[in-house]
Amino acid sequence: MKIGILQTGHAPDDLIEASGDYDQMFRDLLAGHGFEFETYAVVDDIFPQSAAAADGWIITGSRHGAYEDHAWIAPLEALIREIHAKKQPMPGICFGHQIIAQALGGKVAKYDGGWAVGHVTYQQDGKPLTLNAWHQDQVVELPAGARVLAGNDFCKNGVLAYGDHIWTLQPHPEFRNEFTGGLIEKRGRGVVPDDVLDQAAQGLDAPVDSLSIATFLADFMKQERT
């Protein structure tokens with residue numbers, strides 16, 4: 001099965017050597033599940049010819065806002081709608097979660113409650129799900145057809161689904177604790193309040209549930225759909 005990775009941003013240059021760029025993080029997360037991958041750096045205006053270029057798609061995170069005026073946003077939204085119409089599997093993570101909602105008629109905005117950084121926990125199917133987060137933007141209005149599967153008091157629309165082929169998540173299963181710690185020091189200072197960063201850094205020794213999400217995503221991509 002071929003997975004097209006729609007890369008919407010780049011990791012900081014001084015963290016790429018250790019962790020890889022955002023597309024590589026998803027390749028690593030889903031390694032061993034038999035997928036073939038191809039990256040399309042849409043942030044650099046590199047797009048597939050159509051949704052038919054892959055069997056399924058993943059949209060990565062980004063430092064950009066879905067509502068910002070970038071030339072690649074509108075064509076990405078059009079591609080999202082094409083993938084949706086074809087009912088191809090399409091997980092979206094962080095920015096991917098947001099841009100899918102926006103492309104399908106929802107609204108994304110900066111949350112006036114501030115930032116989520118480091119470990120966040122959602123309740124999904126009655127079980128806690130803990131992952132690394134890095135966001136201020138949120139999906140604040142749902143598009144038609146979106147179902148809320150999980151969230152918390154800070155981010156109520158944390159996990160969304162559309163039909164049986166789109167599943168989106170606000171935090172980052174692909175972010176290891178080490179990478180999040182690097183973001184705190186390399187990208188966070190002067191942008192995110194220091195107390196938020198310091199509190200997040202103190203919790204990075206605890207494990208996260210990336211492995212269970214990797215298994216879920218692999219099964220989701222391979223699921224038979226009519």
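If only one of 42, 108 is surrounded by fewer than 23 Cβ atoms within 10 Å (Cβ to Cβ) and β-branched (Val, Ile, Thr), which one is it?
On the way: 42 fails: surrounded by fewer than 23 Cβ atoms within 10 Å (Cβ to Cβ).
After ruling out the rest, the residue left standing is 108.
If we scan region 73-90, do we find a residue that is more than 26 Å from residue 226 (Cα to Cα) and part of a loop (DSSP other than H, G, I, E, B)?
Let us first name the residues in region 73-90 that are more than 26 Å from residue 226 (Cα to Cα), namely 73-75.
Then keep just the ones that are part of a loop (DSSP other than H, G, I, E, B); that gives none.
Within region 73-90 (the criterion being more than 26 Å from residue 226 (Cα to Cα) and part of a loop (DSSP other than H, G, I, E, B)), the answer is no, since none of the residues qualifies.
With 150, 133, 144, 200 as the choices, which residue is within 22 Å of residue 223 (Cβ to Cβ) and not aromatic (Phe, Trp, Tyr)?
Working: 133 fails: within 22 Å of residue 223 (Cβ to Cβ); 144 fails: within 22 Å of residue 223 (Cβ to Cβ); 200 fails: within 22 Å of residue 223 (Cβ to Cβ).
When all the criteria are applied, what remains is 150.
Across region 189-226, what is the number of residues that are surrounded by 13 or more Cβ atoms within 10 Å (Cβ to Cβ) and of a type in the set (Val, Ile, Thr)?
Number of matching residues: 4.
Considering 106, 61, 65, 96, which residue is on the phi < 0 side of the Ramachandran plot, touching a helix residue (DSSP H, G or I) at 6+ places or on another chain (Cβ under 6 Å) and small (Gly, Ala, Ser)? Explain how you work it out, then say what you get.
Details: 106 fails: touching a helix residue (DSSP H, G or I) at 6+ places or on another chain (Cβ under 6 Å); 65 fails: touching a helix residue (DSSP H, G or I) at 6+ places or on another chain (Cβ under 6 Å); 96 fails: touching a helix residue (DSSP H, G or I) at 6+ places or on another chain (Cβ under 6 Å).
After ruling out the rest, the residue left standing is 61.
Residues of region 96-113 being closer than 16 Å to residue 143 by Cβ, of a type outside the set (Val, Ile, Thr) and either free of Cβ contacts under 8 Å to residues at least 60 places away in the same chain or out of contact with any Leu (no Cβ under 8 Å at 6 or more places or on another chain) (or both), which ones?
Of region 96-113, the ones closer than 16 Å to residue 143 by Cβ are 96-109.
Narrowing the set further to residues that are of a type outside the set (Val, Ile, Thr) leaves 96-98, 101-107, 109.
Within region 96-113, 98, 102, 103, 104, 105, 106, 107, 109 qualify.
Would you please list the contacts, defined by Cβ atoms under 6 Å and residues six or more apart or on different chains, that run from a residue in region 38-53 that is in contact (Cβ under 8 Å) with a residue 24 or more places away in the chain to a residue that is of a type in the set (A, V, I, L, M)?
Pairs found: 39/5; 40/6; 40/46; 42/6; 42/76; 51/83.
One residue is enough: does region 181-188 have a residue meeting the conditions surrounded by fewer than 21 Cβ atoms within 10 Å (Cβ to Cβ), touching a residue at least 40 places away in the same chain (Cβ under 8 Å), farther than 22 Å from residue 16 by Cα and more than 16 Å from the chain's Cα centre (by Cα)?
Scanning region 181-188, I find no residue that is surrounded by fewer than 21 Cβ atoms within 10 Å (Cβ to Cβ), touching a residue at least 40 places away in the same chain (Cβ under 8 Å), farther than 22 Å from residue 16 by Cα and more than 16 Å from the chain's Cα centre (by Cα), so the answer is no.
Have a look at 174, 141 and point out the one that is in contact with a strand residue (DSSP E or B) (Cβ under 6 Å, 6 or more places away or on another chain) and closer than 22 Å to residue 65 by Cβ.
Criteria check complete, one pass: 141.
Go through region 41-72 and count every residue that is part of a loop (DSSP other than H, G, I, E, B) and touching a strand residue (DSSP E or B) at 6+ places or on another chain (Cβ under 7 Å). Let's see the steps before the verdict.
Initially, region 41-72 is screened for residues part of a loop (DSSP other than H, G, I, E, B), giving 41, 45-50, 54-55, 60-72.
Still in the running and touching a strand residue (DSSP E or B) at 6+ places or on another chain (Cβ under 7 Å): 46-48, 54-55, 60-61, 65-67.
Total meeting the criteria: 10.
Looking at residue 149, is it aliphatic (A, V, I, L, M) and touching a residue at least 40 places away in the same chain (Cβ under 8 Å)?
No.
Being crowded, with 19+ Cβ neighbours inside 10 Å and of a type in the set (Ser, Thr, Tyr), is that true of even one residue in region 17-38?
Within region 17-38 (the criterion being crowded, with 19+ Cβ neighbours inside 10 Å and of a type in the set (Ser, Thr, Tyr)), the answer is yes, since at least one residue qualifies.
Would you mind finding the one in 5, 59, 73, 46 that is at pLDDT 95 or above and either acidic (Asp, Glu) or under 18 Å from residue 146 (Cα atoms) (or both)? Can you show your working first?
Numbers: 5 fails: either acidic (Asp, Glu) or under 18 Å from residue 146 (Cα atoms) (or both); 73 fails: either acidic (Asp, Glu) or under 18 Å from residue 146 (Cα atoms) (or both); 46 fails: either acidic (Asp, Glu) or under 18 Å from residue 146 (Cα atoms) (or both).
The unique qualifying residue is 59.
The values are calculated or read from the model by the stated rules, or taken from the named source; none is laboratory data. Bear in mind that the values here come from a model prediction, so they are computed numbers and not experimental data. Every residue, glycine as well, gets a Cβ built from its backbone with ideal geometry; the counts of neighbours run over all protein chains shown.
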